[in-house]
Amino acid sequence: MHSTLVIGILAAAVAAPLANNTSGPYTDTKGNVWNTLPALSDYATAEEFDALYASEVFTTKDGNRFQIDRPWTAAEASQYSVIDNFLGWSRQGSGNGLRATVNCTHPVDEEYRAKFSSIPPLRTYVIALVELADDALFANWGINFVPRKGYRWDSNDSGDIVQLLDEAYREGGGLNGQDMMIAFSADSTPGGAIGVGYIGLPRQLTKWYQSQSAQAAICQHEAGHNYTLQHCCDNNCIMQSFLDLGAFGNFHNYNENCSGQNHWSTMNNQRNRY
């Protein structure tokens, strides 16, 4: 088992002065401007939504890039709930003997905190979730997420998922002296996205969704974005645009068309990014 440090008591975040709590309007790769991000519920089928947005990259007004990680359809929820009961990842590798320790800070919003009776079970839950999320990263590339700090953060109930990510970053003190921010929210964000991670930046957010293992898979997917990965169309890879629990821990190892990347070699090249 790789090392972890128990997060101390969640401190209250001191919010920095905000000029604007909006991260949009957003621009896509075709130059279209979006004041509101597209949502699965606006389309007749998931196939229609995915054809338009699975590989699309959006940019905030601050120049940060991200992709939309959509929620499950009802049929997908039924399918993956069965897989969820058997989800696990046995660590056999050791990152080829290399180590890339990534110290993490964890803003947790009021809705997420309300899922727990007190701070100790919340702390235990978050640490276990992050450990499960990084197991494949550690085994393959020696990347070890170490929870160091936690912050109580009060989220904007009207904010979309990208606004929540930026808000967590501001109110939680940025990286808070650590290498990466992994935030957690149970806010009912418009559009239904289940997570977001900036491409090539150490900031991500996981929503309260389905189960602890499902949230670990979201966190692992967002970590892929943090290490510059983009969505792919490989149904055995965690970097698909929707949550595929059957692909948990897997990253494709060939030059794939949708992403234009070999995710395995990209992660290997980026292992010391943070």
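The values are calculated or read from the model by the stated rules, or taken from the named source; none is laboratory data. In this text the structure is predicted, and so the values were computed from the model without any measurement. Heads up, the Cβs are rebuilt from the backbone with ideal geometry, glycines too, and the neighbour counts pull from every protein chain shown. The accessibility values were calculated without ligands, DNA or RNA, using every heavy atom of the protein model including side chains. Shrake-Rupley method; radii C 1.70, N 1.55, O 1.52, S 1.80 Å.
Which of the numbered conditions does I238 fail, given that it passes all the others? Conditions: (1) within 23 Å of W153 (Cβ to Cβ); (2) aliphatic (A, V, I, L, M); (3) open to solvent by less than 10 Å² (accessible area, probe 1.4 Å).
Result: I238 fails condition (1) only.
Counting residues that are within 14 Å of the chain's Cα centre (by Cα), which helices (runs of 4 or more DSSP H) fully inside the range 156-274 reach at least 1?
Qualifying helices (runs of 4 or more DSSP H): 161-171, 212-226.
When the range 117-155 is examined, which residues are found to be farther than 30 Å from N269 by Cβ, in a strand (DSSP E or B) and of a type in the set (K, R)?
Answer for the range 117-155, where residues must be farther than 30 Å from N269 by Cβ, in a strand (DSSP E or B) and of a type in the set (K, R): just R152.
Can you name the residue in the range 127-182 that is over 24 Å from I68 (Cβ atoms) and among the small types (G, A, S) and, of all such residues, is surrounded by the fewest Cβ atoms within 10 Å (Cβ to Cβ)?
G177
Out of the range 241-267, which residues are open to solvent by 20 Å² or more (accessible area, probe 1.4 Å) and either out of contact with any helix residue (DSSP H, G or I) (no Cβ under 6 Å at 6 or more places or on another chain) or within 17 Å of Q67 (Cα to Cα) (or both)?
Within the range 241-267, F242, N250, Y254, N255, N257, C258, G260, Q261, N262, W264, S265, T266 meet the criteria.
Would you tally the residues in the range 49-87 being modelled with pLDDT of 90 or more and in a helix (DSSP H, G or I)?
5
Only one residue in A139, A183 is in contact with a Gly (Cβ under 9 Å, 6 or more places away or on another chain), modelled with pLDDT of 95 or more and under 22 Å from M239 (Cβ atoms). Which one?
Result of the check over A139, A183: A183.
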